[in-house]
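Below you'll find the structure, written out as structure tokens, and then a few comments.
The values are calculated or read from the model by the stated rules, or taken from the named source; none is laboratory data. These figures come from a predicted structure and were not determined experimentally. When we count neighbours, we look across all protein chains shown, and the Cβ atoms used for this are built from the backbone with ideal geometry, even at glycine. For the accessible areas, the whole protein counts, side chains as well, though only heavy atoms, and no ligand, DNA or RNA atoms are used. Shrake-Rupley method; radii C 1.70, N 1.55, O 1.52, S 1.80 Å.
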Amino acid sequence: MSRPAAASLLPGRPWPLGAHWDGMGINFAVFSANADKIELCVFDAQGRKELTRMVLPECTDEVWHGYLPDAEAGLVYGYRAHGPYDPQRGHRFNPHKLLLDPYAKKIIGSVRWADALYGYRLNGARADLGFDRRDSAPAMPKAVVIDDSFNWGNEVLPQVPWPQTVIYETHLRGLTIRRDDVQQNVRGTAKALGNPRVIDYLHRLGVTTVELLPIQAFLQDRFMVERGLRNYWGYSTLSYFSIEPAYLSTGMLNELRVAISRLHAAGIEVIMDVVYNHTCEGNELGPTLSWRGLDNASYYRLIQDDPRYYVNETGCGNTLNVSHPRVLQMVMDSLRYWVTSFHVDGFRFDLGSTLGRDPGFDPGAGFFDAIIQDPTLARVKLISEPWDIGPGGYQLGNHPPPFAEWNDKFRDVTRRFWRGDAGQRAEFAGRLAGSADLFDRRRRKPWASINFVAAHDGFTLADTVAYSERHNEANGEENRDGHGDNCSGNWGAEGDTQDEGILEVRGRLRRAMLTSLLLSQGTPMLLGGDEFARTQHGNNNAYCQDNELSWFDWEASATTDAKVQRDFVARLISIRHDFPVLQATHFLHGNTEHGHHIANMAWFGPDAEPISPEGWNDPEGRVLALRLHGGRANGDADTVMLLMNASGEPVDFQLPLPQIPWQILADSAMPTRNPEELESNTYGVAAHSVVVLANRRISR
């Protein structure tokens with residue numbers, strides 16, 4: 001910057017919110033309905049020394065603003081807010097605390113834990129009702145004014161149609177931190193995500209869309225630091241407009257833009273997992289870092305009868321008040337920023353039910369309405385995690401179109417069916433068919449169901465068939481954290497084993513569940529690493545394990561067994577891409593006929609007879625066949641058959657009429673078997689296995 005400070009600020013404008021450099025100076029604008037005064041604090045380039053402090057001279061419509069002439073991009077700053085410190089009325093102003101701009105687009109430094117970060121005297125007799133006068137600036141990260149320009153060239157957005165989408169959920173750092181073929185000093189960063197070798201891996205696997213765990217700047221929570229752990233997942237947002245600084249090898253924001261541009265060139269979309277339901281500031285005993293100090297009563301939902309305390313429907317201490325117009329504006333501005341400035345292709349909303357509360361869940365809530373009508377967001381993919389811990393928080397199937405939703409019912413019944421549990425066959429069939437009972441209303445499509453058998457939260461697929469119990473001792477919570485019921489089984493030994501029989505069964509089950517996932521109606525989401533049987537050694541809540549437990553073990557992925565599974569997954573994805581009937585654009589109910597009078601969906605027993613109502617109700621039913629029939633773009637018809645045997649014994653399947661020259665495309669019991677023609681109208685399916693047949697081979 002050409003000058004670090006000025007004697008005073010010009011009035012400037014109340015819009016846009018945040019700090020914006022116009023080539024002549026910087027305009028600052030920050031919302032606070034209840035502050036009495038807000039000061040702009042300018043720091044040296046390293047953010048260590050406060051150079052000057054200036055009062056924002058104007059407040060228009062509850063937005064405080066000022067203009068610093070001749071200042072340039074690169075200026076480092078923070079705010080101090082004056083107002084009442086009255087927690088019992090919901091106000092927690094404390095000008096001794098430096099505050100991060102909620103619209104900060106780049107952060108320098110990190111939170112260095114000190115008692116001065118709290119607005120009250122930590123461990124004082126009055127708890128959060130006390131008042132702390134220590135300056136928090138030395139322990140605080142600061143905002144940096146940026147020049148947001150970037151030349152995207154002739155970039156073409158992939159815009160993968162929903163029915164053709166295959167999602168790969170992964171962690172930006174964990175994906176590449178152990179890749180030997182990536183330059184060491186960039187591993188685990190956005191620059192590594194854009195490495196041609198990484199992109200080639202994803203492309204060869206066949207996934208169309210990468211869903212990244214949170215990359216917005218997040219807090220290393222004090223309780224984790226004190227345990228010698230780190231926040232790995234990132235669900236503790238510190239800034240909604242900044243990328244996590246640790247994910248930039250050079251500190252340049254363009255690292256992420258280049259990575260996204262390269263992924264787009266390969267036809268791969270990028271979805272961000274975002275956390276707008278709560279912030280990192282926690283409950284009334286948490287630190288004062290940004291929103292709490294700027295306007296606690298506006299930014300957070302407080303208990304109406306006692307606003308000293310926070311509504312906590314997120315399990316994280318606080319709930320962002322998205323029903324407030326300025327808070328909703330912040331969320332919308334953030335979403336638009338990532339789309340327009342970084343060209344991301346969509347969002348997965350953590351605890352999406354919370355965002356639709358006012359206070360109860362409402363699919364017509366302002367948050368949903370604002371997104372649905374927004375022209376910038378209209379073209380991107382929108383996915384909700386449809387639950388929270390509040391009353392009535394489980395809202396699977398109740399989100400408004402065009403939102404898709406994580407379908408945990410698919411995960412649970414798929415695991416139970418292949419584990420051999422009784423009474424699972426009917427529900428399993430419904431989930432494979434796109435969960436019409438949940439989504440076939442309001443003109444929604446099958447793709448609204450995001451199907452998965454494993455996600456970052458819970459067991460990996462490999463651990464689902466290797467552990468009967470969670471093993472989270474490394475988290476320091478006496479193994480009390482994480483899901484207690486994982487619908488898992490160890491098949492004879494808890495964890496690692498050299499028993500070939502157990503390993504054989506586990507491999508079949510993994511491949512059977514992957515087949516169920518990738519050839520189901522709906523949108524499949526593959527947990528990154530499941531394609532080569534990545535393990536977390538029984539830890540089903542690795543949120544604080546930023547180490548080898550969570551990172552992708554690329555050396556293990558090079559073993560023969562891992563390669564076999566990865567190739568099998570790639571084949572399944574190729575099958576999905578090649579057969580439109582596996583990407584149905586409407587729900588199949590078995591009542592639409594194509595050529596040869598074949599229903600578009602039909603279920604059979606191993607005797608080739610349709611399953612009767614009594615058969616569907618048989619709790620011991622563990623075998624079924626699914627036949628799908630549908631047209632191709634050229635008018636020809638395809639038929640695909642899945643023969644599924646979740647029992648412990650091999651089963652001979654008679655194939656239903658009409659007789660078709662079937663091609664064996666995949667057999668989970670023989671994953672390396674090449675596609676070939678079936679020579680008879682009977683096929684033996686091994687125990688714990690699924691076979692895929694079709695009327696033609698895949699074209700690639």
### Summary
Quick count over the range 568-582, residues being open to solvent by less than 10 Å² (accessible area, probe 1.4 Å) and of a type in the set (D, E, K, R), is 1
### Message
Considering only residues that are under 24 Å from the mean Cα position of the chain (by Cα) and under 18 Å from Gly648 (Cα atoms), which ones fall in the range 476-514?
### Response
Cys487, Ser488, Arg510, Arg511, Met513
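Within the range 261-273, is there a residue that is assigned to a loop (DSSP other than H, G, I, E, B), of a type outside the set (Gly, Ala, Ser) and surrounded by 24 or more Cβ atoms within 10 Å (Cβ to Cβ)? Working first, answer last.
Of the residues in the range 261-273, the ones assigned to a loop (DSSP other than H, G, I, E, B) are 266-268.
From what's left, of a type outside the set (Gly, Ala, Ser): 268.
From what's left, surrounded by 24 or more Cβ atoms within 10 Å (Cβ to Cβ): none.
No, because not a single residue in the range 261-273 is assigned to a loop (DSSP other than H, G, I, E, B), of a type outside the set (Gly, Ala, Ser) and surrounded by 24 or more Cβ atoms within 10 Å (Cβ to Cβ).
Table: residues versus (1) open to solvent by 60 Å² or more (accessible area, probe 1.4 Å); (2) within 21 Å of Arg566 (Cβ to Cβ).
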| site | (1), (2) |
| --- | --- |
| Phe417 | no, no |
| Ala426 | no, no |
| Arg431 | no, no |
| Phe439 | no, no |
| Asp457 | no, no |
| Trp491 | yes, no |
| Thr497 | no, no |
| Arg506 | no, yes |
### Task
Would you list the strands (runs of 3 or more DSSP E) that sit entirely within the range 585-693 and hold 1 or more residues that are small (Gly, Ala, Ser) and surrounded by 16 or more Cβ atoms within 10 Å (Cβ to Cβ)?
601-604, 623-631, 663-667
## Note on the structure
Taking first residues from the range 157-182 that are open to solvent by 10 Å² or more (accessible area, probe 1.4 Å) and second residues anywhere that are part of a helix (DSSP H, G or I), the pairs with Cβ under 6 Å that are 6 or more apart or on different chains are Pro158/His264; Trp162/Trp447; Pro163/Trp447; Pro163/Gln583; Gln164/Gln583; Asp181/Arg197
### Task
Could you tell me whether the range 409-416 includes any residue that is of a type in the set (Val, Ile, Thr), in contact with a Gly (Cβ under 9 Å, 6 or more places away or on another chain), farther than 30 Å from Met644 by Cα and modelled with pLDDT of 95 or more?
no
### Query
If you go through the range 125-152 one residue at a time, how many are in a loop (DSSP other than H, G, I, E, B) and either at pLDDT 95 or above or open to solvent by less than 30 Å² (accessible area, probe 1.4 Å) (or both)?
17
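Looking only at the range 283-300, filter to residues that are assigned to a loop (DSSP other than H, G, I, E, B) and among the small types (Gly, Ala, Ser); which one of those is farthest from Ser136 (Cα to Cα)? Please lay out each step first, then the result.
Just the residues of the range 283-300 that are assigned to a loop (DSSP other than H, G, I, E, B), to begin with: 283-290.
If we keep only those that are among the small types (Gly, Ala, Ser) too, we end up with 286, 290.
On the way: Gly286: 14, Ser290: 12 Å.
So the residue we want is Gly286.
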### Query
Among the residues of the range 349-357, is there at least one that is touching a strand residue (DSSP E or B) at 6+ places or on another chain (Cβ under 7 Å), small (Gly, Ala, Ser) and open to solvent by less than 10 Å² (accessible area, probe 1.4 Å)?
yes
#### Entry: Asp306 of a type outside the set (Gly, Ala, Ser) and open to solvent by 10 Å² or more (accessible area, probe 1.4 Å)
yes
### All positions within the range 108-119 that are aliphatic (A, V, I, L, M) and open to solvent by 20 Å² or more (accessible area, probe 1.4 Å)
Ile108, Val111, Ala114
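Condition first: hydroxyl-bearing (Ser, Thr, Tyr) and assigned to a helix (DSSP H, G or I). Now tell me which residues in the range 530-580 satisfy that. Spell out the reasoning first.
If we filter the range 530-580 for residues that are hydroxyl-bearing (Ser, Thr, Tyr), which is where we start, we get 535, 543, 550, 557, 559-560, 574.
Tyr543, Ser557, Thr560, Ser574, listed by residue number.
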### Cβ pairs under 7 Å, 6+ apart, first in the range 193-205 and more than 22 Å from Leu514 (Cα to Cα) and open to solvent by 70 Å² or more (accessible area, probe 1.4 Å), second outside any helix (DSSP H, G or I) and among the charged types (D, E, K, R)
Arg197/Asp181
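For the range 188-198, indicate whether the set of residues that are of a type in the set (A, V, I, L, M) and not in a helix (DSSP H, G or I) is non-empty. Before you say what the answer is, go through the steps one by one.
Initially, the range 188-198 is screened for residues of a type in the set (A, V, I, L, M), giving 190, 192-193, 198.
Restricting the remaining residues to those that are not in a helix (DSSP H, G or I) gives none.
Looking through the range 188-198, none of the residues is of a type in the set (A, V, I, L, M) and not in a helix (DSSP H, G or I).
Please count how many residues of the range 5-42 are small (Gly, Ala, Ser) and in a strand (DSSP E or B). If you could, list the steps in order and put the result at the bottom.
Step one: filter the range 5-42 for residues small (Gly, Ala, Ser), giving 5-8, 12, 18-19, 23, 25, 29, 32-33, 35.
Next cut, in a strand (DSSP E or B) only: 18-19, 25, 29.
So the answer is 4.
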### Task
Name every residue in the range 508-529 that is in a loop (DSSP other than H, G, I, E, B) and either open to solvent by 10 Å² or more (accessible area, probe 1.4 Å) or not hydroxyl-bearing (Ser, Thr, Tyr) (or both), in order of residue number.
Leu519, Gln521, Gly522, Gly528, Gly529
### Answer residue from the range 375-415, given it is open to solvent by less than 10 Å² (accessible area, probe 1.4 Å) and out of contact with any strand residue (DSSP E or B) (no Cβ under 9 Å at 6 or more places or on another chain) and is farthest from Pro325 (Cα to Cα) among those
Val413
### Query
Considering the range 284-300 alone, what residues qualify as being surrounded by fewer than 24 Cβ atoms within 10 Å (Cβ to Cβ) and either under 20 Å from Gly393 (Cα atoms) or small (Gly, Ala, Ser) (or both)?
Gly286, Ala297, Ser298
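Which residues, taken from the range 84-100, are free of Cβ contacts under 8 Å to residues at least 60 places away in the same chain and out of contact with any helix residue (DSSP H, G or I) (no Cβ under 7 Å at 6 or more places or on another chain)? First the steps, then the outcome.
Pass one, the range 84-100, residues free of Cβ contacts under 8 Å to residues at least 60 places away in the same chain: 84-86, 95-96, 98.
Listed by number, the residues that qualify are Pro84, Tyr85, Asp86, Pro95, His96.
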### Summary
Every listed condition ((1) open to solvent by 10 Å² or more (accessible area, probe 1.4 Å); (2) within 28 Å of Trp603 (Cα to Cα); (3) among the polar types (S, T, N, Q)) holds for Thr560 save (2)
### Query
So Asp362 fits all but one of (1) more than 25 Å from Val166 (Cα to Cα); (2) touching a residue at least 12 places away in the same chain (Cβ under 8 Å); (3) open to solvent by 20 Å² or more (accessible area, probe 1.4 Å); (4) not aromatic (Phe, Trp, Tyr); what number is the exception?
(2)
### Query
When you go through Glu72, Glu50, Glu62, Glu58 one by one, which is the residue that is open to solvent by 20 Å² or more (accessible area, probe 1.4 Å), touching a residue at least 40 places away in the same chain (Cβ under 8 Å) and under 28 Å from Arg308 (Cα atoms)?
Glu62
### Query
In the range 530-557, how many residues are open to solvent by less than 20 Å² (accessible area, probe 1.4 Å), within 21 Å of the chain's Cα centre (by Cα) and among the polar types (S, T, N, Q)?
5
### Filter result for Tyr67 (open to solvent by less than 10 Å² (accessible area, probe 1.4 Å) and over 21 Å from Asn283 (Cα atoms))
no
